[in-house]
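Below is one structure, written out as structure tokens, with a few remarks after it.
Any read-out appearing in this document is the output of simple, stated calculations on the displayed coordinates, not a laboratory observation. All of these numbers come straight from a predicted model, not from anything done at the bench. Every residue, glycine as well, gets a Cβ built from its backbone with ideal geometry; the counts of neighbours run over all protein chains shown.
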Amino acid sequence: MAGLVPAIGSSLGSIGTGILNMANEFHQIAKTSEIPDGGFELCEADDQLVILFRVGDEFYCIDDVCTHDGGTLSDGFVQGCEIECPRHGARFDIRNGQALTMPATQSTRSHQVKVQDGEIWVCLS
Ligand code: FES
């Protein structure tokens, strides 16, 4: 499909140490320097695989699961703020996990991200 590029940088990120931050637990999963603008990385947080995306200076995190039939989104294609499932073509908004096209009708989970001193932290929802 024109304009789509295969995702790059999908190596498994490091498993960070969780810290308590108020009521939410954040996990350090990557460093900002590890993810180029427009790229993403498959990471693990609390034994769950998640995809960490970079768009400019913003970082977003969603589950590595397509809600249509369990496809692996990290094998898909990224264009702007959308990722396309490689199995049947459903698209999701990487900023909030919202399903944008059929055959997916349900959002995949998105997770809160914070950046501190070059480290990226994720709080699973
Ligand atoms: S499993 Fe993703 S579109 Fe079907």
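Where residues in the stretch 113-125 are part of a strand (DSSP E or B) and more than 11 Å from residue 52 (Cα to Cα), which of them is farthest from the chain's Cα centre (by Cα)?
Ranking the qualifying residues of the stretch 113-125, first place goes to 116.
Within the stretch 50-74, restricting attention to residues that are within 15 Å of the ligand (Cβ to nearest atom) and surrounded by fewer than 16 Cβ atoms within 10 Å (Cβ to Cβ), which residue is nearest to residue 112 (Cα to Cα)? Here the answer is 70.
Is one or more of the residues making up the stretch 18-33 touching a strand residue (DSSP E or B) at 6+ places or on another chain (Cβ under 8 Å), at negative phi and within 16 Å of the ligand (Cβ to nearest atom)? No, the conditions are met nowhere in the stretch 18-33.
Out of the residues in the stretch 102-112 that are farther than 17 Å from residue 42 by Cβ and under 15 Å from the mean Cα position of the chain (by Cα), state the one that is nearest to the ligand (Cβ to nearest atom). Give the steps one after another, and end with the answer.
Of all residues in the stretch 102-112, those farther than 17 Å from residue 42 by Cβ come to 102-107, 112.
Within this subset, residues satisfying the condition of being under 15 Å from the mean Cα position of the chain (by Cα) are 107, 112.
Details: 107: 13, 112: 24 Å.
Only one residue tops the list, namely 107.
If you go through the stretch 78-90 and keep only what is over 19 Å from residue 34 (Cα atoms) and either touching a residue at least 40 places away in the same chain (Cβ under 8 Å) or buried (at least 21 other Cβ atoms within 10 Å of the Cβ) (or both), you end up with 79, 83, 84, 85, 90. With the structure loaded, tell me whether residue 108 is of a type in the set (Val, Ile, Thr), surrounded by 20 or more Cβ atoms within 10 Å (Cβ to Cβ) and closer than 23 Å to residue 26 by Cβ or whether it fails that test. Considered against the rule, which asks whether it is of a type in the set (Val, Ile, Thr), surrounded by 20 or more Cβ atoms within 10 Å (Cβ to Cβ) and closer than 23 Å to residue 26 by Cβ, residue 108 comes out as yes.
Sort out which residues of the stretch 76-101 are within 15 Å of the ligand (Cβ to nearest atom), touching a Ser or Thr at 6+ places or on another chain (Cβ under 9 Å) and in a loop (DSSP other than H, G, I, E, B), and write them in order of number. Of everything in the stretch 76-101, those that are within 15 Å of the ligand (Cβ to nearest atom), touching a Ser or Thr at 6+ places or on another chain (Cβ under 9 Å) and in a loop (DSSP other than H, G, I, E, B) turn out to be 85, 86, 87, 89, 90, 94, 97, 98.
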